[in-house]
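Since the structure comes first, as structure tokens, the remarks are kept for the end.
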Amino acid sequence: MSRRHSAKYKIDRRVGENIWGRAKSPFNKRNYKPGQHGQNRRNKVSDFGMQLMAKQKLKAYYGDITEKQFLKTYEEAARMKGNSAENLIGLLESRLDAMVYRSKFVPTIFAARQFVNHGHVTVNGRRCNISSARLKPGDVVQVREKSRNLALVLEALGSAERDIPEYIEVDPKAMTSTYKRVPALADVPYPVKMEPAQVVEFYSS
């Protein structure tokens with residue numbers, strides 16, 4: 001299994017934005033790139049550079065998923081009918097780990113991946129430990145009964161840091177979440193501007 005060992009908040013400083021909108025992000029105090037020469041990096045960015053950064057930012061937002069997996073998701077989005085950029089967002093938001101994160105069962109997307117991998121959730125009543133599993137509208141995700149009193153879960157549900165989007169319906173008491181529909185880009189509550197059209201340009205050029 002591919003794992004990323006570097007500190008996740010370095011991603012914020014690398015892409016130059018607090019991409020998860022978290023109060024704990026060091027980007028709030030050090031809004032420049034990491035490294036010895038981070039404060040001096042002010043180079044003009046080319047079109048390719050902007051497309052690359054858009055891809056890196058979107059890929060990082062969903063838990064810094066691997067390039068291979070992200071490319072596979074883009075290729076699927078490109079084969080679908082309609083706007084490839086919108087399709088890409090819809091596919092990313094349909095991931096099980098993204099659903100767990102959006103439902104506020106855990107505080108971060110990284111915690112969501114681990115939570116799913118450790119078997120703490122069910123999908124339509126069946127245990128699922130594959131974080132990249134694709135959900136369909138109408139699918140119901142539930143935190144398993146033995147996992148509902150975990151401090152991680154209780155802290156996340158009580159947090160006011162994020163809002164639950166309209167395309168997800170959550171029952172906090174039953175700790176269930178229903179995926180109502182595939183969202184459009186405008187529906188997704190990103191803390192920063194995401195540019196999936198630039199990602200499409202990056203891969204198609």
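The values are calculated or read from the model by the stated rules, or taken from the named source; none is laboratory data. The model shown is predicted, which means the values in this text are computed figures rather than measured ones. A quick note on method: Cβ atoms are made from the backbone with ideal geometry, for glycine too, and the neighbour counts reach across all protein chains shown. For accessibility, only protein heavy atoms count, side chains too; no ligands or nucleic acids. Shrake-Rupley method; radii C 1.70, N 1.55, O 1.52, S 1.80 Å.
Numerical summary
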| quantity | calculated |
| --- | --- |
| Some residue of the stretch 136-145 being more than 14 Å from S103 (Cβ to Cβ), of a type in the set (A, V, I, L, M) and either modelled with pLDDT of 95 or more or part of a loop (DSSP other than H, G, I, E, B) (or both) | no |
| Count - residues of the stretch 171-205 that are farther than 22 Å from V15 by Cβ and either in contact with a helix residue (DSSP H, G or I) (Cβ under 9 Å, 6 or more places away or on another chain) or free of Cβ contacts under 8 Å to residues at least 12 places away in the same chain (or both) | 11 |
| Number of the exception - L92 against (1) free of Cβ contacts under 8 Å to residues at least 40 places away in the same chain; (2) out of contact with any Ser or Thr (no Cβ under 7 Å at 6 or more places or on another chain); (3) under 25 Å from F202 (Cα atoms) | (2) |
| Residue among D97, D171 that alone is charged (D, E, K, R) and under 15 Å from G63 (Cβ atoms) | D97 |
| The stretch 42-61, subset assigned to a loop (DSSP other than H, G, I, E, B) and not basic (K, R), residue surrounded by the fewest Cβ atoms within 10 Å (Cβ to Cβ) | N43 |
| Subset of the stretch 147-205 that is open to solvent by 60 Å² or more (accessible area, probe 1.4 Å), in contact with a strand residue (DSSP E or B) (Cβ under 8 Å, 6 or more places away or on another chain) and not in a loop (DSSP other than H, G, I, E, B) - its residue that is farthest from L96 (Cα to Cα) | D171 |
| Check on T66, modelled with pLDDT of 95 or more, closer than 14 Å to S131 by Cβ and in contact with a helix residue (DSSP H, G or I) (Cβ under 9 Å, 6 or more places away or on another chain) | no |
